[in-house]
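Report on the following structure.
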Amino acid sequence: MIYAIATADLQPTAAANVQQAAEVVVAAFRGQVHGWQTLDAALEEVQESFGEGRLSLVALDATGRVVGWIGGVRQYEGHTWELHPLAVHPDTQGHGVGRALVTALEDRVRALGGRNLWLTTDDGRDLTNLDGVDLYPTVIDHLRTLRDTGGHPITFYKKCGFTVTGVIPDAYAPGHHELVLAKRLVGERRWEVQTHLL
């Protein structure tokens, strides 16, 4: 069953939706070390999503209640955007809400001339084979072995077409890494070959 029947821009004047989006963030990140543990912190994050160069979208269920929220941050002169953050209420996870939000954000970024979307996700909850591992000095070799061992978000993002493109080793603490993923949004890259006459 797909819970999200609509995605829409989150408007700063829609107080009820802003509140519900913040509640979704708290519920989605509850118990995680890095996330928004209080409603005030989540409301602050939602409010920041209304700034210049930002996108803020919600997923609404059949009653019009917010069940998911996604943000986008314009970077690299608008050629590349960061997906930050994505939150889906735990009661509706696994029912297409997250995918609907990612697709809606991709469409919006594409319409604004964006070519790439990237994100980071932490790896410190024993959900991949790299959690707790010392990645230095052969970081890339370790990254090649990355696999989900317990429901890490990388599996969801890979299903959405993202590729693991890097890692920040020990980002939060020894063995607690930040994974980097990215996705090309428009066609194949065309290399322009320029010749110079000497």
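Taking the numbered list (1) farther than 17 Å from Val58 by Cα; (2) of a type in the set (A, V, I, L, M); (3) part of a helix (DSSP H, G or I) in turn, Leu117 passes all entries but (3).
Check whether at least one residue in the range 15-34 is under 18 Å from Thr120 (Cα atoms), in the same structural domain as Leu105 (by TED's automatic domain parsing) and among the polar types (S, T, N, Q), and report yes or no. The answer is yes; a qualifying residue exists. Considering the range 6-31, and only residues there that are over 12 Å from Gly64 (Cα atoms) and among the polar types (S, T, N, Q), the residue that is surrounded by the fewest Cβ atoms within 10 Å (Cβ to Cβ) turns out to be Thr13. For the criterion of being out of contact with any strand residue (DSSP E or B) (no Cβ under 9 Å at 6 or more places or on another chain), aliphatic (A, V, I, L, M) and touching a residue at least 12 places away in the same chain (Cβ under 8 Å), Leu39 passes. The set of residues in the range 142-165 being over 28 Å from Gly96 (Cβ atoms) and either touching a residue at least 24 places away in the same chain (Cβ under 8 Å) or buried (at least 17 other Cβ atoms within 10 Å of the Cβ) (or both) consists of His142, Leu143. Within the span defined as the range 115-138, every residue fails to be more than 12 Å from the chain's Cα centre (by Cα), surrounded by fewer than 21 Cβ atoms within 10 Å (Cβ to Cβ), farther than 22 Å from Ile168 by Cβ and not charged (D, E, K, R).
The values are calculated or read from the model by the stated rules, or taken from the named source; none is laboratory data. As the structure is a computational prediction, the values presented were derived from the model and not from experiment. Note that we place each Cβ from the backbone using ideal geometry, even for glycine, and neighbour counts take in every protein chain shown.
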